[in-house]
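S.K.: Here's a structure for you.
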Amino acid sequence: EAQVTQNPRYLITVTGKKLTVTCSQNMNHEYMSWYRQDPGLGLRQIYYSMNVEVTDKGDVPEGYKVSRKEKRNFPLILESPSPNQTSLYFCASSPTENYGYTFGSGTRLTVV
Amino acid sequence: GNSVTQMEGPVTLSEEAFLTINCTYTATGYPSLFWYVQYPGEGLQLLLKATKADDKGSNKGFEATYRKETTSFHLEKGSVQVSDSAVYFCALGDSGAGSYQLTFGKGTKLSVIP
């Protein structure tokens, strides 16, 4: 089944403890992206990637890192999480820039 | 920068009513436009899209027409069902200077009652 898989689905962590949210797609898509969804703010793009080793900042990149060493994987790294990064995170992928993204099921992160 | 404005919700309709969710955009280039739907507890799903002016996207009875003159991409459905209850997001995809960004509106929650 064609899909975008994120792990974990739920995560509670403490301030300052590094964490990684994994994202993998099995559709050979070129484009991948991370979003965060917050009440009243909608979805905001954190980082995106147009191909292996090509990444760029979205609207809210502060406090996040990404890497794209392989086409299928696009992990999101929080080096020192803070409570304001408590959010619902979505990974998404697309074969071309205007095809439309396929989204993962989301990761609900709570930083205490 | 680019932006998307969609009507505030929540919207509550009776089954078989007509649905319109307004969406307008601001963009510097020639964007593609999308509607996504999010059911409770799930990720977003692409509902329909239009890549150039006057294109009409359609899917599952939903339609939206890319109107460049009014910078709009309103979502419509002639007869809603309870199963259409979800949050709907309008989005704009724009390429510029070798980059690509997808910008979302804040979402409109639709509740359909029997």
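The values are calculated or read from the model by the stated rules, or taken from the named source; none is laboratory data. Computed from a predicted model, the values in this text were never measured in an experiment. Every residue, glycine as well, gets a Cβ built from its backbone with ideal geometry; the counts of neighbours run over all protein chains shown. Each accessible area value is taken on the protein alone, full model and side chains, heavy atoms only, with ligands, DNA and RNA left out. Shrake-Rupley method; radii C 1.70, N 1.55, O 1.52, S 1.80 Å.
S.K.: Carbon and sulfur: what percent of region A:29-84's accessible surface (1.4 Å probe)?
M.R.: For region A:29-84, the apolar C and S fraction of the accessible surface comes to 49 percent.
S.K.: Sort B:68, B:49 from largest to smallest accessible area, using a 1.4 Å probe on the heavy atoms of the protein chains.
M.R.: The residues order as B:68, B:49, largest area first.
S.K.: While we're on this one: About the Cα centre, and with charges only on the beta carbon of Lys, Arg (+1) and Asp, Glu (-1), how big is the dipole of region A:55-112? Nearest 20 debye, please.
M.R.: With only Lys, Arg, Asp and Glu charged at Cβ, the dipole is about 240 debye.
S.K.: Right, next: Would you be so kind as to identify which of B:88, B:59, B:24 lies farthest towards the positive end of the dipole of chain B, taking Lys and Arg as +1 and Asp and Glu as -1 on Cβ and the Cα centre as origin?
M.R.: Working it through, the farthest residue towards the positive pole turns out to be B:24.
S.K.: Please list, in order along region A:54-65, the HN-Hα scalar couplings obtained from phi with the Karplus expression 6.51 cos²θ - 1.76 cosθ + 1.60 (θ = phi - 60°), rounded to whole Hz, x for Gly and Pro.
M.R.: Taking θ as phi minus 60°, the curve returns 10, 10, 8, 6, x, 7, 9, x, 4, x, 10, 9 Hz for region A:54-65.
S.K.: On average, how many beta carbons from a partner chain sit within 10 Å of the beta carbon of a residue in A:102-109?
M.R.: Mean number of neighbouring Cβ atoms from other chains: 3.
S.K.: So, one more: Place a +1 charge on the Cβ of each Lys and Arg in the protein assembly as shown and a -1 charge on the Cβ of each Asp and Glu, then give the dipole magnitude about the Cα centre in debye, rounded to the nearest 20.
M.R.: It works out to roughly 580 debye.
S.K.: Over chain B, calculate the relative contact order: mean separation of alpha carbon pairs under 8 Å at least 6 apart, over the residue count, as a percent.
M.R.: Once normalised by length, the contact order is 36 percent.
S.K.: Suppose accessible area is computed on protein heavy atoms with a 1.4 Å probe; arrange B:74, A:29 from highest to lowest.
M.R.: Ranked from most to least accessible, the order is B:74, A:29.
S.K.: Right, next: Could you provide, to the nearest whole Å², the per residue accessible area of the protein assembly as shown with probe 1.4 Å?
M.R.: Counting only protein heavy atoms, the per-residue value for the protein assembly as shown is 47 Å².
S.K.: Of the listed peptides B:38-44, A:9-15, B:103-109, what is their order by residue-averaged count of other C-beta atoms within 10 Å, with the highest listed first?
M.R.: B:103-109, B:38-44, A:9-15
S.K.: Give me the distance between the Cα centres of region B:54-80 and region A:1-67, rounded to whole Å.
M.R.: If you average the Cα positions of each part, the centres end up 29 Å apart.
S.K.: Let me ask something else about it. Cross-chain or 8 or more residues apart, Cα under 19 Å: how many lysine pairs in chain B fit that? Count them up, please.
M.R.: The result is 10.
S.K.: Between residue A:96 and residue A:56, what is the spin-label point distance in nm, taking each point 7 Å from the Cα along the Cα→C-beta axis?
M.R.: Computed distance between label sites residue A:96 and residue A:56 equals 1.8 nm.
S.K.: Would you check the accessible area of residue A:77, probe 1.4 Å, heavy atoms only, in square angstrom rounded to 10?
M.R.: 30 Å²
S.K.: Mind checking B:33-41 for the average number of partner chain beta-carbons within 10 Å of each residue's beta-carbon?
M.R.: Values: counts 1, 4, 1, 5, 0, 5, 0, 0, 2.
Averaged over the peptide's residues, the number is 2.
S.K.: Separation between the residue A:28 and residue B:70 pseudo-spin-labels, each 7 Å from Cα along Cα→Cβ, expressed in nm?
M.R.: Distance between label points: 4.2 nm.
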